[in-house]
Amino acid sequence: MSSFTTYFTSLFKGIKSLLTGMKVTIKEFFTPKVTECYPENRHTTLHVPERFRGELIMIHNEQNEHSCSACGLCQMNCPNGTIKIESEIIETEDGKKKKVLKNYFYDLGSCTFCNVCVMNCPQGAIKFENTFENAVFRREILVKKLNHEGSKMKEKKVAEQKPTNTNKE
């Protein structure tokens with residue numbers, strides 16, 4: 001190939017690339033713009049997507065019970081050590097030893113909102129809410145205790161099994 005054809009081929013490729021980029025820009029120029037009146041209308045017109053990850057919470061029911069078994073998988077899988085779990089071993093009425101949750105701390109200021117903790121929780125005890133107003137003046141306020149005072153783990157109800165008749169007549 002001569003330098004003449006190389007020059008014009010690269011020139012036309014450059015123009016094609018420029019027009020492709022300009023097509024995207026012009027299309028965006030004519031799309032309608034949406035303005036959220038944030039501080040004034042935060043509860044009426046503000047739309048926060050359902051899948052937005054804003055803050056980690058521990059799910060509690062009406063009896064202040066949670067599903068966390070203090071297994072520590074969320075703490076182990078957290079890429080930057082945002083979650084700290086304190087647990088203790090207690091002895092049940094049966095004489096068995098059981099691990100229970102004492103404190104569940106979550107540092108919102110260092111969380112990367114990756115959702116790995118929620119995906120790895122075998123009990124489904126934690127989830128992300130889509131709250132986003134978390135601005136504070138001191139970083140230590142961002143460290144939150146997720147288990148409520150006096151909360152306990154849900155008791156698993158074992159379904160009663162009907163006795164089976166093994167005697168065949």
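The values are calculated or read from the model by the stated rules, or taken from the named source; none is laboratory data. Only a predicted model underlies this, so the values are computations on that prediction, with no experimental measurement involved. Don't worry about glycine lacking a Cβ; one is built from the backbone with ideal geometry, like all the others, and counts go over all protein chains shown.
Residue-by-condition table, conditions (1) out of contact with any Ser or Thr (no Cβ under 7 Å at 6 or more places or on another chain); (2) buried (at least 17 other Cβ atoms within 10 Å of the Cβ):
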{"position": "L46", "(1), (2)": "yes, no"}
{"position": "P49", "(1), (2)": "yes, no"}
{"position": "N61", "(1), (2)": "yes, no"}
{"position": "H66", "(1), (2)": "no, yes"}
{"position": "A70", "(1), (2)": "no, yes"}
{"position": "N77", "(1), (2)": "yes, no"}
{"position": "N80", "(1), (2)": "no, no"}
{"position": "E91", "(1), (2)": "yes, no"}
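Tell me which residues, restricted to the range 79-116, are of a type in the set (D, E, K, R) and either more than 25 Å from F137 (Cα to Cα) or in contact (Cβ under 8 Å) with a residue 24 or more places away in the chain (or both).
Selection gives E86, E88, E91, E93, D94, K96, K97, K98, K99, K102, D107.
Just a yes or no: is a residue in the range 79-95 closer than 26 Å to E155 by Cβ, hydrophobic (A, V, I, L, M, F, W, C) and touching a helix residue (DSSP H, G or I) at 6+ places or on another chain (Cβ under 9 Å)?
Within the range 79-95, one or more residues are closer than 26 Å to E155 by Cβ, hydrophobic (A, V, I, L, M, F, W, C) and touching a helix residue (DSSP H, G or I) at 6+ places or on another chain (Cβ under 9 Å).
Residue by residue through the range 1-42, note down the ones that are aromatic (F, W, Y) and more than 40 Å from the chain's Cα centre (by Cα).
Selection gives F4, Y7, F8, F12.
List the number of the failed condition for A70; all other conditions in (1) within 13 Å of L101 (Cβ to Cβ); (2) assigned to a loop (DSSP other than H, G, I, E, B); (3) in contact (Cβ under 8 Å) with a residue 40 or more places away in the chain hold.
Unmet for A70, out of (1) within 13 Å of L101 (Cβ to Cβ); (2) assigned to a loop (DSSP other than H, G, I, E, B); (3) in contact (Cβ under 8 Å) with a residue 40 or more places away in the chain: (3).
Kindly indicate the residue of the range 126-141 that is touching a helix residue (DSSP H, G or I) at 6+ places or on another chain (Cβ under 7 Å) and part of a loop (DSSP other than H, G, I, E, B) and also modelled with the highest pLDDT among those meeting that condition.
The selected residue is V136.
Every residue in the range 89-125 that is more than 26 Å from the chain's Cα centre (by Cα), more than 17 Å from E65 (Cα to Cα) and either part of a strand (DSSP E or B) or β-branched (V, I, T) (or both), please.
I89, I90, E91, T92, K97
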